[in-house]
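Undergrad: Here it is, the structure, as structure tokens.
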Amino acid sequence: KQMDVQPGVKDYLLFLGSNLYFMPKVVAHRVAGKIPVVRGIADKLLIHQINELLVGYGHAEYTTDPSKYKDTGKQDHHGMNAKA
């Protein structure tokens, strides 16, 4: 609201749709985590899915050219000059 962004019907429908897809998976994994015999299998499946996603995402490609930005003289949150 402070940034003058108002969610619309489409935003709420996307939120609802994603929750209908993800929440059963989250609940199922939490339940499986409470069953000792199933816990290890559920964890291995989840780790396998995460690893496949990470492989699918590939490596980060940094395309920012720092020479195109002027030095403002401001420091970042570590107290360092923003332009290194």
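The values are calculated or read from the model by the stated rules, or taken from the named source; none is laboratory data. In this text, all values refer to a predicted model and were calculated from it rather than measured experimentally. A quick note on method: Cβ atoms are made from the backbone with ideal geometry, for glycine too, and the neighbour counts reach across all protein chains shown. Accessible surface is based on the protein model in full, side chains and every heavy atom, while ligands, DNA and RNA are left aside. Shrake-Rupley method; radii C 1.70, N 1.55, O 1.52, S 1.80 Å.
Undergrad: At 7 Å along the Cα-to-beta-carbon direction for both LEU53 and VAL5, put a label point, then send me their distance in nm to one decimal.
TA: Computed distance between label sites LEU53 and VAL5 equals 2.0 nm.
Undergrad: Give me the dipole magnitude in Debye, nearest 20, for the chain about the Cα centre, with unit charges on the beta carbon: positive for Lys and Arg, negative for Asp and Glu.
TA: On the way: 11 positive and 8 negative charges, 65 e Å.
For this selection, approximately 320 debye.
Undergrad: Measure nothing fancy, just the Cα-based angle from helix 36-57's long axis to the longest principal axis of the chain, in degrees from 0 to 90, nearest 10.
TA: Helix 36-57 and the main axis of the chain meet at about 40 degrees.
Undergrad: Write down the accessible area per residue of the chain in Å², having rolled a 1.4 Å probe over the full set of protein chains.
TA: In whole numbers, the chain has 101 Å² accessible per residue.
Undergrad: Can you tell me the 0 to 90 degree angle between the C-alpha axis of helix 9-33 and the longest principal axis of the chain, rounded to 10?
TA: Approximately 50 degrees, to the nearest 10.
Undergrad: From the alpha carbon gyration tensor of the range 1-62, can you work out the equivalent ellipsoid semi-axes (sqrt of 5 times each eigenvalue) and give them in Å, largest to smallest?
TA: Values: eigenvalues 191, 86, 18 Å².
Taking √(5λ) for each Cα gyration eigenvalue gives 31, 21, 9 Å.
Undergrad: Please give the calculated 222 nm ellipticity per residue for the chain, where each DSSP H segment of at least 4 residues contributes -39500 (n - 2.57) and the sum is spread over every residue; nearest 500 deg cm²/dmol?
TA: Mean residue ellipticity at 222 nm (helix-derived): -19500 deg cm²/dmol.
Undergrad: Sum up the charges of everything whose Cβ sits under 15 Å from the Cβ of SER18, counting Lys and Arg as +1 and Asp and Glu as -1, but leave SER18 out.
TA: Computed value for this residue: +1.
Undergrad: Which number gives the lysine pairs in the chain that have C-alpha atoms under 24 Å apart and are eight or more places apart or on different chains?
TA: Taking the chain as the scope, the lysine pair count is 8.
Undergrad: On the protein heavy atoms, probe 1.4 angstrom, tell me the percent of accessible surface of the range 1-80 carried by carbon and sulfur. Mind showing how you got there, number by number?
TA: Numbers: 5160 of 8060 Å².
Roughly 64 percent of what the probe reaches on the range 1-80 is carbon or sulfur.
Undergrad: Ordered by packing density, taken as the mean number of other Cβ atoms within 10 Å over each peptide's residues, highest first, how do 47-56, 32-41, 60-69 rank?
TA: Highest-to-lowest ranking by the protection proxy: 32-41, 47-56, 60-69.
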